[in-house]
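The values are calculated or read from the model by the stated rules, or taken from the named source; none is laboratory data. Quantities reported herein were computed from a predicted structural model and do not represent experimental measurements. Using ideal geometry, Cβ is built from the backbone for each residue, glycine included, and neighbour counts are taken over all protein chains shown. Heads up: the accessible areas ignore ligands, DNA and RNA and are worked out on the full protein's heavy atoms, side chains in. Shrake-Rupley method; radii C 1.70, N 1.55, O 1.52, S 1.80 Å.
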Amino acid sequence: MSQDTIVYQRLYEVMDDSALSLVEKQRRGLALGREFLGVEHSHIQRRNDDSTTDTVVASDGNNPDLTEGVTLDRATTYCRRVIDTNGPVALTDASEEGWADDPAYQEHGLDCYLGTTIFVHDDVYGTVCFSSRDARGSSFTSEEKAVVELLARLLGREIESAHHEHHVTETQQARKRAENKYETLLQQAPDAVFLADADTANISEVNERAADLTGYAQSDLKEMSVIDLHPPEERDRYAELFGTDFSDGPRDRFADGTPLYIRRADGTDCPIEMSVTSVDIDGQEFVQGIVRDISTRREREQELARTTEFLKQTQEAANLGGWEYDLRSETLRWSDEVCRIHGLPPEYEPTVSEGLDFYHPDDQSIISDAFEELTTEGEPYDLELRLLTADDTVRWVRVIGRPVYAEDEEIVAARGVFQDISGRKERERDLRIKSQALEESTVGITIANADQPDLPIVYANEGFTRLTGYPKQRLLGDNCRFLQGEETDEATVTEIREAIESDTPIRTEILNYRADGTPFWNQLTIAPVTGTEDEDVTHYVGIQDDITAKKRRDELIGVLNRVLRHNLRNDMGVIIGFADMIAERTEGETAQMARQISEKSTELSALSEKAQALQKAVQSSEQLAPRDVQADVEATVAELRTEFPETEFSIETAPCEDVMATETLRLVLRELGENAAKYGDSSGVTYGIEMTEDGEVAIHIQDGGPGLPEMERHVLEVGRETPLRHGSGLGLWMVNWIVTGLGGEVTTTVDDGTTVTVRLAPAAEGAVPEHRDAALSTQGE
């Protein structure tokens with residue numbers, strides 16, 4: 001909470017303390033302002049009736065020329081300028097600012113001055129002044145001027161109240177001394193006065209102020225009832241109010257807090273404060289009402305309420321409160337927000353011991369020692385400690401303590417600020433964890449500044465230095481292109497540059513070079529980072545992963561695949577040819593063996609073709625897109641009917657949505673249908689399509705055969721093999737790989753045949769992430 005906000009709160013507290021006299025309020029207000037402004041002296045200067053002199057009625061500080069009771073020639077004071085300009089006067093170095101010849105400077109030698117006017121009943125009462133004989137190092141801020149203006153308004157309000165009470169007392173005493181002077185006093189009263197019959201409430205006498213207040217002529221008022229002067233809908237309540245006891249002072253509200261109003265002649269309502277007393281005149285009982293227009297005060301109260309609410313909201317938003325400890329009375333006071341931070345109601349009144357007990361056991365000695373040094377040695381503190389609230393919740397708080405000195409330099413109090421910083425501590429903890437994760441990551445991570453020319457690196461983790469061999473002092477401030485070399489692909493470099501220029505994330509593979517010149521394959525990911533207040537890119541995060549071994553392994557597997565498929569296809573063709581020739585030229589067992597050789601060789605050739613199809617499916621870059629699954633099923637069945645004319649194929653469909661898939665779905669449908677036609681019985685193969693209760697599209701392929709072996713089902717559903725548990729072919733493994741890659745799953749049911757079910761996400765859900773089985777299928781058992 002700012003210092004001016006704290007001063008506002010303290011000023012309101014002083015002025016609202018009914019236990020203090022006007023003089024005490026004036027002195028404490030001056031002391032608060034002087035301490036806040038850091039000046040030598042403060043005083044209140046009242047204009048005297050002779051219009052040429054002023055009297056110092058209250059002061060605080062050590063300027064002997066401006067103590068209480070001193071009479072000043074107004075012409076030799078800065079206050080004359082304050083009143084003449086109808087606004088505050090602020091000087092920080094009078095002699096340097098052209099005031100050296102001013103009578104006020106020559107008389108009092110004040111280089112630093114800040115003063116403003118005090119109004120009482122809308123008339124100039126005098127000025128409140130803050131001064132130093134030495135020049136001030138900086139100009140008074142708007143916040144400091146605002147504090148002085150607020151003090152002047154509060155002092156004016158208090159003086160008005162004192163004057164009012166004084167006038168009422170004098171009026172009442174005058175009536176008691178001489179009833180024959182009542183009329184004169186009535187007209188001289190500073191407030192509106194009504195005299196009404198105690199039985200009928202009819203008005204018998206009013207003063208001019210009453211006419212001014214109500215807008216009615218005095219003669220008209222004498223023909224009215226006092227009840228008629230209030231809002232019609234509330235007149236019964238006013239009648240009851242006049243019969244109550246007003247001995248406790250004037251009232252401006254009903255008991256329930258509803259404000260009191262007078263209804264003017266023009267129909268407008270004026271907020272009032274009134275007191276009611278019974279008087280006896282010539283043996284007849286009357287009710288005397290003294291009514292004051294408090295429109296200005298009500299506006300001030302509303303402004304005060306708005307300010308108080310603003311302060312409350314500000315404290316709550318900042319989790320900030322204040323505290324004060326009076327060493328003389330040994331009382332500790334917490335603001336509402338401090339109570340809230342502790343999990344306590346606002347009315348809670350702690351002792352010092354209770355306040356210290358709320359701190360975490362490991363932190364209690366720290367705050368206890370700091371508070372002891374503050375209150376005995378005047379040593380301020382600013383600590384961040386843990387707190388245990390009323391419900392044992394641990395919170396981090398920042399607690400600040402400062403000493404308050406009396407004029408004799410004795411420490412009389414301590415006050416400070418209390419703030420809940422749990423959120424900040426949590427963010428700092430998260431930041432430490434993230435920073436540690438970045439630093440300890442096994443991959444290289446860099447951050448480049450997008451606001452600087454050529455995107456210099458501003459951060460690199462240890463993983464990057466291990467990967468590249470470059471020390472941090474070499475790479476910080478440089479662009480990451482130093483990793484490129486003569487064999488780096490220019491097309492890839494262009495792709496990266498275009499992605500950065502368009503603020504688009506990119507993931508690619510590029511040949512880079514280490515500090516010692518060794519090339520390595522880098523799987524590079526670059527992502528733009530926007531600022532917290534707008535969408536402008538401020539940084540780029542780069543992630544580098546050495547995939548050289550993977551690239552070499554993939555290339556070796558590719559070469560082996562190509563060689564084996566090519567040799568297998570060619571050699572199997574030769575073997576099939578020779579086997580068929582032997583079968584034709586021989587008989588008996590030799591011919592039978594030749595036919596078996598031809599069949600197995602044909603199966604191996606088909607296996608080679610499936611391997612090639614699987615490789616194309618795996619390497620396909622086709623993106624998921626909506627597909628008409630019914631059209632794919634119908635096209636697949638049409639092909640199978642041609643290849644297996646002896647098998648009956650049928651399709652059972654229900655209304656369903658398109659699925660998110662690629663062309664590889666046709667391979668799945670064909671493989672499952674072909675497998676069912678080969679190993680099922682004469683009952684045929686049925687394709688079924690439906691929407692499941694979970695909103696997925698299910699494709700069922702059913703046959704009436706002996707049932708899929710358990711090991712084959714395992715491969716189809718799980719997609720993993722071991723040396724002791726594996727399928728007999730490649731087709732079912734290919735089905736699992738493709739379906740899980742599409743984000744779906746495969747299940748089987750064996751009951752009077754085999755039913756294989758493929759479940760896929762509908763196109764209505766948009767892009768589908770890879771199903772978990774796509775990753776599990778690469779895991780060994």
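Looking at segment 327-413, which trypsin sites (Lys or Arg not before Pro) are DSSP coil and have at most 10 other C-beta atoms within 10 Å of their C-beta?
In loop regions of segment 327-413 (DSSP not H, G, I, E or B), the sparsely surrounded trypsin sites (Lys or Arg not before Pro) are Arg328.
Pulled fully out, how much extra length does the chain show between Glu652 and Asp536, if you take 0.36 nm times their separation in residues and subtract their Cα-Cα distance?
36.3 nm is the gain from fully extending Glu652 to Asp536.
Would you kindly state how much longer the chain becomes between Thr389 and Ser329 on full extension, computed as 0.36 nm times their sequence separation minus their alpha carbon distance, in nm to one decimal?
19.0 nm
Given Cα pairs under 8 Å that are at least 6 residues apart, what percent is the relative contact order of segment 1-57?
23
Arrange the residues Lys25, Lys145, Lys434 by how much accessible surface each exposes, largest first, with a 1.4 angstrom probe.
Putting Lys25, Lys145, Lys434 in descending order of accessible area: Lys434, Lys145, Lys25.
Just in segment 93-144: which GluC sites (Glu not before Pro) are loop by DSSP and have at most 15 other Cβ atoms within 10 Å?
Sites meeting the loop and neighbour criteria: Glu96, Glu97.
For the chain, calculate the relative contact order in percent as a whole number, restricting contacts to Cα pairs under 8 Å that are 6 or more residues apart.
About 5 percent, as a whole number.
Gain in length, Phe482 to Thr525, computed as 0.36 nm per residue apart minus the alpha-carbon separation, to one decimal in nm? Numbers along the way, then the final one.
Details: separation 43, 0.36 × 43 = 15.48 nm, distance 1.67 nm.
So the chain would gain 13.8 nm between Phe482 and Thr525.
Compute the Cα gyration tensor for segment 317-454, then decide on rounded, prolate or oblate, letting a ≥ b ≥ c be the square roots of its eigenvalues: rounded whenever a/c is under 1.5, prolate when a/b is larger than b/c in the other cases, and oblate in all that remain.
prolate
Rounded to the nearest 500 deg cm²/dmol, what is the calculated helix-only ellipticity per residue at 222 nm for the chain, with -39500 (n - 2.57) per DSSP H run of length n ≥ 4?
Roughly -13000 deg cm²/dmol at 222 nm, from the helical runs in the chain.
Tell me, what % of the accessible area of segment 431-495 is carbon and sulfur with a 1.4 angstrom probe? Before the final figure, lay out the partial values.
Details: 1970 of 3830 Å².
Carbon plus sulfur share of accessible area: 51 percent.
How big is the charge dipole of the chain about its Cα centre, in debye rounded to the nearest 20, if each Lys and Arg gets +1 on its Cβ and each Asp and Glu gets -1 on its Cβ? Could you put the intermediate results ahead of the total?
On the way: 76 positive and 154 negative charges, 419 e Å.
I would put it at about 2020 debye.
So how far, in whole Å, is the C-alpha centre of segment 346-394 from the one of segment 3-39?
So the separation of the two Cα centres works out to 27 Å.
Using 1/(1 + (r/R0)^6) with R0 = 25 angstrom and r between the beta carbons of Asp84 and Arg133, what's the FRET efficiency to the nearest 0.05?
0.60
Between Thr586 and Lys472, what is the label-to-label distance in nm when each label sits 7 Å out along the Cα-to-Cβ direction?
7.7
Using only Cα atoms and rounding to the nearest 10 degrees, what angle (0 to 90) does helix 731-741 make with the longest principal axis of the chain?
20
Quick one: what are the phi-derived ³J(HN,Hα) couplings along segment 371-385, Karplus 6.51/-1.76/1.60 with θ = phi - 60°, whole Hz, x for glycine and proline?
5, 5, 5, 5, 7, 10, 10, x, 7, x, 9, 8, 10, 10, 9
Based on the Cβ-Cβ distance from Phe578 to Ser683, what FRET efficiency comes out when R0 is 35 Å, to the nearest 0.05? Walk me through the numbers on the way to the answer.
Values: r = 39 Å, r/R0 = 1.11.
About 0.35, to the nearest 0.05.
Given that just one value was derived from the coordinates, which of [x] 11, 22, 22, 16, 16, 9, 3, 0; [y] 11, 29, 34, 16, 9, 2, 0; [z] 14, 40, 33, 12, 0 is P(r) over Cα pairs in 20 Å bins from 0, in percent?
Recomputing P(r) over Cα pairs in 20 Å bins from 0, in percent here picks out [x].
Beyond a 26 Å Cα-Cα separation, which of these cross-linked pairs lie in this structure: Lys600/Lys678; Lys434/Lys472; Lys550/Lys600?
Too far apart for the 26 Å limit: Lys550/Lys600.
Could you derive backbone 3J(HN,Hα) for segment 72-81 from the dihedral phi with the Karplus parameters 6.51, -1.76 and 1.60 (θ = phi - 60°), listing whole Hz in sequence and x where the residue is Gly or Pro?
So the J values, rounded to whole Hz, are 10, 6, 4, 5, 10, 10, 5, 4, 4, 5.
Which GluC sites (Glu not before Pro) in segment 436-508 sit in a loop by DSSP (not H, G, I, E or B) and have at most 14 other Cβ atoms within 10 Å of their own Cβ? Before the final figure, lay out each step's value.
Details: sites: Glu439, Glu440, Glu462, Glu486, Glu487, Glu490, Glu495, Glu498, Glu501; in loops: Glu486, Glu487.
Qualifying residues, ordered by number: Glu486, Glu487.
In terms of modelled amide H atoms, which long-range or inter-chain residues lie less than 5 Å from the amide H of Asn461?
Placed amide hydrogens put Ile445 under 5 Å from Asn461.
Can you figure out the FRET efficiency of Asp694 with Thr492, using R₀ = 51 Å and their beta-carbon distance, to the nearest 0.05? Kindly include the intermediate steps, with their values, before the conclusion.
Working: r = 42 Å, r/R0 = 0.83.
With a Förster radius of 51 Å, E is 0.75.
Leaving ligands, DNA and RNA out of it, report the carbon-plus-sulfur percent of the accessible area of segment 250-297 at a 1.4 Å probe.
Of the solvent-accessible surface of segment 250-297, carbon and sulfur hold 46 percent.
Would you mind getting the accessible area per residue of the chain, heavy atoms of the protein chains only, 1.4 Å probe, in Å²?
On a per-residue basis, 53 Å².
Of the heavy-atom accessible surface of segment 29-111 (probe 1.4 angstrom), what whole percent is carbon and sulfur? Before the final figure, lay out the partial values.
Numbers: 1500 of 3660 Å².
C and S atoms contribute 41 percent here.
If exposed chymotrypsin sites (Phe, Trp or Tyr not before Pro) are those in a DSSP loop with at most 16 other Cβ within 10 Å, what is the longest stretch of the chain that has none?
Details: sites that count: Phe246, Phe254, Tyr348.
With a cap of 16 other Cβ atoms within 10 Å, the longest stretch comes to 349-781.
Just to make sure I understand: if all protein chains stay in place, what is the order of Leu667, Leu742 by accessible area at 1.4 Å, largest first? Mind dumping the intermediate values first?
Working: Leu667 60, Leu742 15 Å².
So, going from the largest accessible area down, we get Leu667, Leu742.
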